[in-house]
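Asker: Attaching a single structure in structure tokens format; questions to follow.
Each reported figure results from applying straightforward, stated rules to the coordinates on display, with no laboratory input. What you see is a predicted model, and the numbers here were worked out from it, not measured in a lab. Glycine also receives a Cβ, built like all others from the backbone with ideal geometry; neighbour counts cover every protein chain displayed.
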Amino acid sequence: MFEVNVNGKCYKSEIDMPLMDFLRDELKITSVKNGCKEGACGTCTVIIDGKTTRACVQKLSRLEGKKIQTIEGFTERERDVFVYAFAAAGAVQCGFCIPGMVICGKCLIDQNPDPTSEDIKQAIRTNICRCTGYAKIEEGILLAAKMLRENLEIPELKQTGKVGERVCRVDAREKTLGTAKYVDDYEFEGMLYGKNVFSKYARAKVLSIDTSKALQMPGVVAVYTAKDIPGKRYIGHLAQDWPGMIDIGEETKCIGDTLAMVVAETKEQAVAAVKAVEVEYEELEPIRTPQEAAVPGAHQVHGEGFMQFGKFRIPENNLLDHEEVKRGDAETALANSKFVVEGTFHVPPQEHAFMEPETAIGLPDGDGVKVITGGQGIYDEYHEISNYLGLPMEKVRIQSAFVGGGFGGKEDMSVQHQAALCAYLTKRPVKVWLSRQESINYHPKRHAMDIYVKVGCDENGILQGMKARLTSDTGAYASLGGPVLQRACTHAGGPYNYQNMDIEGNAYYTNNPPAGAFRGFGVTQSCAAVEPLINQLAEKVGISGWEFRYRNAIRPGQSLPNGQIADEGTAMAETLEAVKEEFEKYEADPNYYVGIASAMKNAGLGVGVPDTGRCNLKVIDGKVYVRSSAAAIGQGLQTVLMQMVAETTGLAPDTIVVEHPDTKYTPDSGTTTASRQTVFAGEAAHQSSLQLKADLDKGNTLKDLEGKEYIGEFDFKSDPIGSDKPNPVSHVAYGYATQLVVIDKEGKLVKVIAAHDIGRAINPLSAEGQVEGGVAMGLGYGLTENFPLKEGVPQVKLGTIGLLKSSQMPHVETHLIEKNDPNSVAYGGKGIGEIVCCVAAPACQNAYYKKDGEFRYNYPLEDTAYRKKK
């Protein structure tokens, strides 16, 4: 018998187990989150005898006589202070890491009531946040310390919720206290646990699958294989090339392939039974790189073919997709250029490292299923699960829990379809979850690319033309490899005014983990190659990187490299003007080196793809319920929707309730991707709010309007790639950015200055947090994060990927440029979620080049203070 004291109460357990499991599973304490169970992330942090400790690595047997504290054990005053401080500071985004950060803050303040920012950086240095860039978490802890130290009253929040106000997030309280329910926090009576039997090899022929021993294991209810899938076995966004399970006689395509699903009464029993499933393989040599994939006669990863856009297709030479952006006469423009530079860059895969690993719960729902998920698009899951189970749409319901980060990595299905399958077949609730390592092995990464670029300018530094060839590793499955490649190609020209383009890209299947959407969606990759060459051209011309960009910056009325005319809200030049003083200051200071890079990024799917945002309002019990399927993954969308309603109607925030996505009553607003939801769901909310406002203006109260529903929809027609229009409209809007990265003589990060054309800041507090978090991700991509593979198998754990910690993050100075008409779509807002992480890596490349004269072509950059030369 083991006895532990938790939050002042004694509890007993007959079984020795990790403290985290005891707190979550036995005591139902949800503030302690399971982010990795490897002691690497800090989401399960608790206080033990006055010290912060990871609950996942502590066994009950080592804790007798010790006092354990979680947020549930705080005083009411402490809870209220932290809620106010974290909300007011904008410290909460996806929220999954926040309870662990609050615990660190509380422990620090108990020991040091007046901490400095440096003290706080050290206190949270072993806790990872992938969303915020840490700055606002530090501000939240500083504010909490001041309020507790000086016994300050908690101010009353006087918020109108209007557009442009620094609004506290609508979900800040639940996320700060850990009461927000992510999928893994849900429990149901009679719930079973499902676990994947994953392939041991990236490529192997499955000769046999013996489930007999597993079926005899204690608590095992069922073991399902490919033959048990009642509907279509293949899933996938655009190409149905991803088998839910690999059948006997077939080849695995990556380390993440599922061979069987074990369902048992407990997690432990499910994990044990997975090991008892006996699989006989014939190991085969994998396709490791796009170059190997493209060799004539090479093994065809998808030689059996697949469905894409409703048509059967067998790829040639493992080619998933080919993209071209051709305009003007690039060859002549380059031949006539005074200065020409060229180079081939390599950018690696990148792990999303969202703090919440994938989990889904399937529930029997009559003769159908309901699935609780944590993804980026419930209607994508709705369609795919319906096909997977062979059920009509009306027999499937998808409901979103809180989502602990995504960044694109939760666009594809991971566990949702398997949870649905297991629940449908067992007729009991089933939770399916991935361990952190399984998540790293399985979900799509940022695409690794090799990018050749040649670009030229005249004697005054005016860009003339570009030639580029991009080769993308899409991994084992298509995911969004085509659109990502397309966006890398369409944005390779950069935010400049010239039109001679010859850009081609190819994406190849390999046996590596699949690659898919990741914040920046291809632009992060092409920007990493193009912007260093822009700086090299500037050097040849004899002007600064800032001056070169200012001469070429796209301005209203001019044509972008893709032919679209820049609208009046275009503020690329203004982003440069915002950083000019800091650029010149650091250029003149011999103790520092300043790197510069710029970018543009679309909002919306664009390029002729149907693109609709939807948001309905319904009056229930005197309040307005805001209903959209648009996924809130930490970017603050629910707060944006509340602001749209408040701004349009004049209603107070406390009369507005933003609901979670649910296919039963929230309309399809598409996936949270392409920086689109602020514009599309936001404008849809504006449209439905106008209808409500019309009723309110007639003298009706909300009580009078009980039960009435208002339908809001916004779509935008764009022109496809290759349009014969002289100036096609590719996207509803573009955001523009310039970032400076400052390093010192030792090569350490000192400061980042980030200027972003945001159109209009719907919520400046939230937008700043997006910039800071995106900068952190961009710095990691440029300096510290790597994702090595061996025979298609990832060679990293969460703790070795190289995620930036709070103690490594420099100060980020943010400039939000607002130039859009406030009466335009979505009150002038542009999406900022993606562009923020596209710029820091090439700015780092420029800073280190200025430091040591070495022009680096590979990322993460080698021979820096953060990464030794191989």
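Asker: Which residues' amide hydrogens lie under 5 Å from the amide hydrogen of GLN240, considering only partners 5 or more residues apart or on another chain, with H built in the peptide plane?
Answerer: Under 5 Å from the amide H of GLN240 lie the amide H atoms of MET307, GLN308, PHE309, each far enough along the sequence or on another chain.
Asker: Expected output is a single nm value to one decimal: the length gained when fully extending between GLN122 and SER559, i.e. 0.36 nm times separation in residues minus the C-alpha distance. What is it?
Answerer: Computed gain between GLN122 and SER559 is 152.5 nm.
Asker: Specify, per residue and in Å³, the volume enclosed by the convex hull of the alpha carbon atoms belonging to region 326-385.
Answerer: It is 173 Å³ per residue.
Asker: Can you work out the Karplus-derived ³J(HN,Hα) for every residue in region 148-155? Use 6.51 cos²θ - 1.76 cosθ + 1.60 with θ = phi - 60°, whole Hz, and x for glycine or proline.
Answerer: Going residue by residue, I get 6, 5, 9, 6, 6, 5, 7, x Hz, with x marking Gly and Pro.
Asker: Still on this model: Which value, to two decimals, describes the C-alpha radius of gyration of the chain once divided by 2.2 N^0.38 Å?
Answerer: Rg over 2.2 N^0.38 Å, computed on Cα atoms: 0.92.
Asker: Now for a separate question. Per 10 Å bin, what is the whole-percent P(r) computed from every C-alpha pair distance within region 612-715?
Answerer: Histogram of Cα-Cα distances, whole percents per bin: 18, 54, 24, 4.
Asker: For LYS181, list long-range residues whose amide hydrogen, built 1.01 Å from N in the peptide plane, is under 5 Å from its own amide hydrogen.
Answerer: Amide H to amide H, under 5 Å and 5 or more residues apart or across chains, LYS181 pairs with PHE402.
Asker: If you don't mind, another one. Ratio of region 532-582's C-alpha Rg to 2.2 N^0.38 Å, to two decimals?
Answerer: This ratio for region 532-582 stands at 1.23.
Asker: When only DSSP loop residues count, what GluC sites (Glu not before Pro) in region 11-49 have their Cβ near at most 16 other Cβ atoms within 10 Å?
Answerer: GLU14, GLU38
Asker: Given H placed on each backbone N at 1.01 Å, which residues far from GLY608 in sequence or on other chains put an amide H within less than 5 Å of it?
Answerer: Here SER718, ASP719 satisfy the definition.
Asker: Okay, next question. Using only the alpha carbons, work out the radius of gyration and Dmax of region 542-654 in angstrom.
Answerer: Cα-based Rg and Dmax for region 542-654 come out at 21.2, 68 Å.
Asker: Helix-derived [θ] at 222 nm for the chain: sum -39500 (n - 2.57) over DSSP H runs of at least 4, divide by residue count, nearest 500?
Answerer: Result for the chain, helices only: -8000 deg cm²/dmol.
Asker: Now for a different question. How high is the relative contact order of the chain, in percent, with contacts defined as C-alpha pairs under 8 Å that are six or more residues apart?
Answerer: 14
Asker: In nm², what is the average projected area of the convex hull enclosing the Cα atoms of region 2-184?
Answerer: Mean projected area of the Cα convex hull: 10.5 nm².
Asker: If you don't mind, there's one more thing I want to ask. Which GluC sites (Glu not before Pro) in region 516-581 pass both tests, a DSSP loop state and at most 16 other beta-carbon atoms within 10 Å?
Answerer: Passing sites in region 516-581 are GLU568.
Asker: Can you tell me the Rg and Dmax of region 404-531, counting just the alpha carbons, in angstroms?
Answerer: Both quantities, over Cα of region 404-531: 19.2, 73 Å.
Asker: Follow-up. So how do 767-774, 235-242 stack up, highest first, on mean other-Cβ count within 10 Å?
Answerer: 767-774, 235-242
Asker: If you average the alpha carbon positions of region 90-135 and of region 577-637, how far apart do those two centres end up, in angstrom?
Answerer: Spelled out, the Cα-based centre of one part sits 24 Å from the other.
Asker: For region 137-173 and region 744-813, what is the separation of their C-alpha centers, rounded to whole Å?
Answerer: So the two Cα centres are separated by 25 Å.
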